[in-house]
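Enquirer: Can you read through this structure? Questions will come right after.
The values are calculated or read from the model by the stated rules, or taken from the named source; none is laboratory data. Values in this document were obtained by computation on a predicted structure and should not be read as measured data. Cβ coordinates were reconstructed from backbone atoms using ideal geometry, including for glycine residues, and neighbour counts include every protein chain displayed.
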Amino acid sequence: MYYMSYLKWNDDITGLGIVDNNPFNKFLYKRIGVYFISNFLNLNNEFHQFQVNDTKSLSGQILSFEGKAFSFNLPNLRINLRHYAIWKINVKKILSKDCSIKFIINHENKHVLKFEEVSKLEGLGWIEYSFKISEDSSGLEYSIQPSIEVKCLNMQVDYIRFIYGESRKDKQIYFPKMGHLLPIYKICPNVPEAFKDKYFPRKEMENLLTLKDIIDNL
């Protein structure tokens, strides 16, 4: 049993595919606004055939599409007011000049990349691609349903996340840093090594530190 009670998460988010036995994914969604595609796979069997393991993914699993047009709607996400949506993607190969990527929010706010824009992403490896979304001024929280439509590409998808503010205004493409990370008991000496796995499993803590490294460099 990991010490998560101090976060006071009593709401049920299993309807988003975030299961109770995965505190890491729950933490990232509730506190940082990250939604892994692996959560979506818990809700939709249709895409299991495209699921692959990837050591560069924070969750360890991604969707990989080879030579196939694809689209999907993620569930409605309850997100604090955000200015930018960010998809972690890997455009491996362009198959035709008719290629395109459509990032959609709530079925109406669309950000479309055609061949010229997509060609700048091809072969870069894993990147975070950001675009501005319209704001809901009626409250501090609102429901967001992200969608994506892709054609004529070999492409992989890892997660979507949201940020507040203009820090990504001039940084549309970002390369996530996935360097070596020290375990929690080495960077927090007040936590005895004997109890290091009582807080998070070692792998999950390293994943959290990786995400912290990403956010610190935004």
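Enquirer: At pLDDT below 90, out of contact with any Leu (no Cβ under 6 Å at 6 or more places or on another chain) and either under 19 Å from residue 126 (Cα atoms) or of a type in the set (D, E, K, R) (or both): does that describe residue 68?
Expert: For residue 68, the condition - at pLDDT below 90, out of contact with any Leu (no Cβ under 6 Å at 6 or more places or on another chain) and either under 19 Å from residue 126 (Cα atoms) or of a type in the set (D, E, K, R) (or both) - is met.
Enquirer: Determine whether the range 91-103 contains at least one residue that is of a type in the set (Ser, Thr, Tyr), within 18 Å of residue 155 (Cβ to Cβ), assigned to a strand (DSSP E or B) and more than 12 Å from the chain's Cα centre (by Cα).
Expert: Within the range 91-103, one or more residues are of a type in the set (Ser, Thr, Tyr), within 18 Å of residue 155 (Cβ to Cβ), assigned to a strand (DSSP E or B) and more than 12 Å from the chain's Cα centre (by Cα).
Enquirer: For residue 71, only one of the following conditions fails: (1) under 23 Å from residue 164 (Cα atoms); (2) touching a Ser or Thr at 6+ places or on another chain (Cβ under 8 Å); (3) small (Gly, Ala, Ser). What is its number?
Expert: (1)
Enquirer: Taking the condition of being assigned to a helix (DSSP H, G or I) and among the basic types (Lys, Arg), how many residues in the range 19-70 meet it?
Expert: Residues meeting the conditions: 3.
Enquirer: Output the number of the condition that residue 40 fails; it satisfies all remaining conditions of (1) exposed (fewer than 14 other Cβ atoms within 10 Å of the Cβ); (2) under 13 Å from the mean Cα position of the chain (by Cα).
Expert: Only one criterion in (1) exposed (fewer than 14 other Cβ atoms within 10 Å of the Cβ); (2) under 13 Å from the mean Cα position of the chain (by Cα) is unmet by residue 40, namely (1).
Enquirer: Right, residue 91: modelled with pLDDT of 95 or more, crowded, with 16+ Cβ neighbours inside 10 Å and in the same structural domain as residue 25 (by TED's automatic domain parsing) or not?
Expert: yes
Enquirer: Quick one: in the range 73-99, which of the residues that are touching a helix residue (DSSP H, G or I) at 6+ places or on another chain (Cβ under 7 Å) and not aliphatic (A, V, I, L, M) is farthest from residue 63 (Cα to Cα)?
Expert: The qualifying residue farthest from residue 63 (Cα to Cα) is 97.
Enquirer: Another question, if that's okay. Tell me yes or no: at least one residue of the range 120-135 is in the same structural domain as residue 170 (by TED's automatic domain parsing), at pLDDT 95 or above, touching a helix residue (DSSP H, G or I) at 6+ places or on another chain (Cβ under 7 Å) and assigned to a strand (DSSP E or B).
Expert: Scanning the range 120-135, I find no residue that is in the same structural domain as residue 170 (by TED's automatic domain parsing), at pLDDT 95 or above, touching a helix residue (DSSP H, G or I) at 6+ places or on another chain (Cβ under 7 Å) and assigned to a strand (DSSP E or B), so the answer is no.
Enquirer: Here's another thing I want to ask about it. State all residues of the range 48-59 that are modelled with pLDDT under 90 and touching a strand residue (DSSP E or B) at 6+ places or on another chain (Cβ under 6 Å); if no residue qualifies, say none.
Expert: Listed by number, the residues that qualify are 57, 59.
Enquirer: Quick check, is residue 150 out of contact with any Leu (no Cβ under 9 Å at 6 or more places or on another chain), assigned by TED's automatic domain parsing to the domain that holds residue 108 and either at pLDDT 95 or above or farther than 19 Å from residue 64 by Cβ (or both)?
Expert: Considered against the rule, which asks whether it is out of contact with any Leu (no Cβ under 9 Å at 6 or more places or on another chain), assigned by TED's automatic domain parsing to the domain that holds residue 108 and either at pLDDT 95 or above or farther than 19 Å from residue 64 by Cβ (or both), residue 150 comes out as yes.
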